[in-house]
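One structure is given below, encoded as structure tokens.
Each reported figure results from applying straightforward, stated rules to the coordinates on display, with no laboratory input. Remember, predicted model here, so these are calculated numbers, not experimental data. Cβ placement follows ideal geometry from the backbone for every residue including glycine, while neighbour counts extend to all protein chains displayed.
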Amino acid sequence: MSQEKQEHGHGCDCGCHGEQPNPFVELNPVLDHYADIPGSLITVLQKAQELYGFLSIELMRYIAIETHNSIAKVYGVATFYTQFRFEPVGKYLIMLCQGTACHVNGSKMIEEAVMDFLEIKEGETTPDGLFTLNNVACLGCCSLSPVMMINDDTYGQLTKDKVTHILAELKEAVNNEATVSETVSQEVTA
Ligand code: FES
């Protein structure tokens, strides 16, 4: 991979003449690693989503150029799989299991409690950018059903009260963080 490509992105045609930094430079080691491995497009897309949180059109276009695929193919593959997201997600991504065991044990009721508390629907993000709610298939821990994951943490045997309590605690923790940083900045500027 050339130095210019690393810094500005191969195929840059925005008229910047290489003056704009490549916003996807962190993906280059992944692209290099999988360059000669056939059938690795899905893995590259997964890694890209891990790095940037979601697959923007610009990111998919960059991957298409770098992997010598058409943008239509990359977009087609990405939209085929439900694991890929195309919009930014909140600080907390709630993955609420709707698999059979969780469904039998009340996952719909849990979903309603989450939607009521956050005032969003499935697939939406709260206006403050804190929470995104997504239904998912079996999370692989059915004995704990109904189950949800928030980012990397798993919460099992959920009830309406329990889920509301968990979300309220996360909200409060963020509010406290904001208060602490406001206090610090006031002290610094005083
Ligand atoms: S069905 Fe929900 S974890 Fe398996």
Interchain or sequence-distant (5+) residues whose placed amide H lies within less than 5 Å of the amide H of TYR92 are PHE131, THR132
Relative exposure of GLU112, GLU66, judged by other C-beta atoms within 10 Å (fewest first)
GLU112, GLU66
For GLN20 and THR126, extending 7 Å from Cα along the Cα-Cβ vector and measuring point to point gives, in nm, a value of 3.4
Set the Förster distance to 22 Å, then compute FRET efficiency between GLU58 and ASP36 from the Cβ-Cβ distance, nearest 0.05.
0.30
Got a sec to turn the phi values of segment 149-155 into Karplus ³J(HN,Hα) couplings, 6.51 cos²θ - 1.76 cosθ + 1.60 with θ = phi - 60°, whole Hz, x for Gly and Pro?
10, 10, 6, 9, 9, 9, 10
Residues whose modelled amide H sits under 5 Å from the amide H of ASN135, counting only those 5 or more places away in sequence or on another chain, are LEU96, GLY123
Efficiency of FRET between ALA137 and ASP161 - r from beta-carbon atoms, R0 30 angstrom, step 0.05:
0.75
Once phi is turned into θ = phi - 60°, what whole-Hz ³J(HN,Hα) does the Karplus curve with 6.51, -1.76 and 1.60 give for every residue of segment 47-60, x standing for Gly and Pro?
5, 4, 5, 4, 6, 10, x, 7, 9, 7, 4, 4, 5, 5
Computed FRET value (nearest 0.05) for LYS108 with THR179, which takes r as the C-beta separation and R₀ as 45 Å
0.80
When the dipole is taken about the Cα centre of segment 92-189, and only Lys, Arg (+1) and Asp, Glu (-1) are charged at their Cβ, what size is it in debye, to the nearest 20?
460
What does the charge count around GLN83 come to, taking other residues whose C-beta lies under 13 Å from its C-beta (Lys +1, Arg +1, Asp -1, Glu -1)?
+1
Taking only Cα atoms of segment 92-189, the Rg to Rh ratio with Kirkwood Rh works out at 1.09
